[in-house]
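One structure below.
The values are calculated or read from the model by the stated rules, or taken from the named source; none is laboratory data. Every value quoted in this text rests on a predicted model; they were computed, and no experiment measured them. Every residue, glycine among them, receives a Cβ derived from its backbone with ideal geometry; neighbour counts consider all protein chains shown. Quick note on the areas: whole protein, heavy atoms, side chains included, nothing else; ligands and nucleic acids left out. Shrake-Rupley method; radii C 1.70, N 1.55, O 1.52, S 1.80 Å.
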Amino acid sequence: MPYLLASDCPAQPAGERLRALLERGGILRLPGAHNGMAALQARAAGFDALYLSGAAMSASMGLPDLGILTVEEVAFFIRQLARASGLPVLADGDTGYGEALNVMHMVRVFEDAGAAAVHIEDQLLPKKCGHLNDKKLANADDMAAKIAAAVKARRHLYIVARTDAAASEGLAGAVARAQLYLEAGADAIFPEALSSAAMFREFAQRLPGVPLLANMTEFGRTPFLTADEFEALGYRMVIWPVSSLRVANKAQALLYAALARDGSTHGMLAQMQTRAELYATIGLPDYEALDASIVASITPGLAVR
């Protein structure tokens, strides 16, 4: 119970724990988790860190990924993942929710909510999913100023600069922007929507020694590559941003179709998480035992009147 028991809470700040994971070598795998339950299931599967996607958050609220969400709405999701799992969370910070002061406010709010890292992108509002067309890019110097502001505001937050420039400015333009963002203080670079293994390799070769993040989203511009393949191409982190939500949404659609057709969920029982499985995942017995232990330890000391 990493949230309720102080003894179970991580002693190090989330950002420091993420850095330690990166320093151990290999590629850090960050599956997307769109809510606290997904975070618990990812931890149970053995993952050491999580990713919180703006697209997944927006879609889970029935909204498109156009930068509509507010800082506080995203912080609500961050708290879910951090409290439920205790794992370091890389959060999607979109364009930073404004200019320099807004970016600094975002950093403070995200850190207080429990985030380990944030990525900020160089698009203009209304921003789009990185794998769509006609994205509008911010001036590179303006984006660098946002990165510098984020660095000034953070205590431990790991700052990832995302560039969407490859589609419109080519690989050379994306690399030039990345170098500028690194000079502004970014800890890592996220080149979005690269469309071939060769592009991933060349980008990494042009930025030797720089921690790089790869986005393995389905149904986008990036070909399917494994975590090991991304590592071989020179990447230190990989995210699967919306996978958990896609699977959950597909399952829900099947459920509602069956319920509308049959007037019953009987035919879906084999595909459901049972009550026992649900309680085991959320740790209900542990919470009940904790509650009972506190009551038992306090009651004998109460004066009888």
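Arg79 fulfils the conditions (1) without any contact (Cβ under 8 Å) to a residue 40 or more places away in the chain; (2) part of a loop (DSSP other than H, G, I, E, B); (3) more than 14 Å from His119 (Cα to Cα) except for a single criterion, (2).
Counting only residues that are out of contact with any Pro (no Cβ under 8 Å at 6 or more places or on another chain) and open to solvent by 20 Å² or more (accessible area, probe 1.4 Å), the range 147-170 holds 8 of them.
To keep it simple, each residue is scored yes or no on (1) open to solvent by less than 20 Å² (accessible area, probe 1.4 Å); (2) of a type in the set (Asp, Glu); (3) touching a Pro at 6+ places or on another chain (Cβ under 6 Å); (4) assigned to a helix (DSSP H, G or I).
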| position | (1), (2), (3), (4) |
| --- | --- |
| Gly185 | no, no, no, no |
| Ala198 | no, no, no, yes |
| Arg221 | no, no, no, no |
| Glu231 | no, yes, no, yes |
| Val238 | yes, no, no, no |
| Ala258 | yes, no, no, yes |
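Would you check if Phe200 is among the aromatic types (Phe, Trp, Tyr), in contact (Cβ under 8 Å) with a residue 12 or more places away in the chain and closer than 22 Å to Ala116 by Cα? No: the conditions fail for Phe200. Taking the stated definitions as given, is Ala115 under 21 Å from Gly36 (Cα atoms) and modelled with pLDDT of 95 or more? Considered against the rule, which asks whether it is under 21 Å from Gly36 (Cα atoms) and modelled with pLDDT of 95 or more, Ala115 comes out as yes.
Across the range 8-59, the qualifying residues are those that are out of contact with any helix residue (DSSP H, G or I) (no Cβ under 6 Å at 6 or more places or on another chain), charged (D, E, K, R) and in a helix (DSSP H, G or I), and the one among them that is nearest to Glu277 (Cα to Cα) is Asp8.
Selection within the range 240-256: residues that are among the hydrophobic types (A, V, I, L, M, F, W, C) and touching a strand residue (DSSP E or B) at 6+ places or on another chain (Cβ under 8 Å). The member of this set that is most open to solvent (accessible area, probe 1.4 Å) is Trp240. Screening Pro2 with (1) out of contact with any helix residue (DSSP H, G or I) (no Cβ under 6 Å at 6 or more places or on another chain); (2) surrounded by fewer than 19 Cβ atoms within 10 Å (Cβ to Cβ) gives one miss only, at (1).
When Ser244 is tested against (1) in a helix (DSSP H, G or I); (2) closer than 19 Å to Asp94 by Cα, just one condition goes unmet, and that condition is (2).
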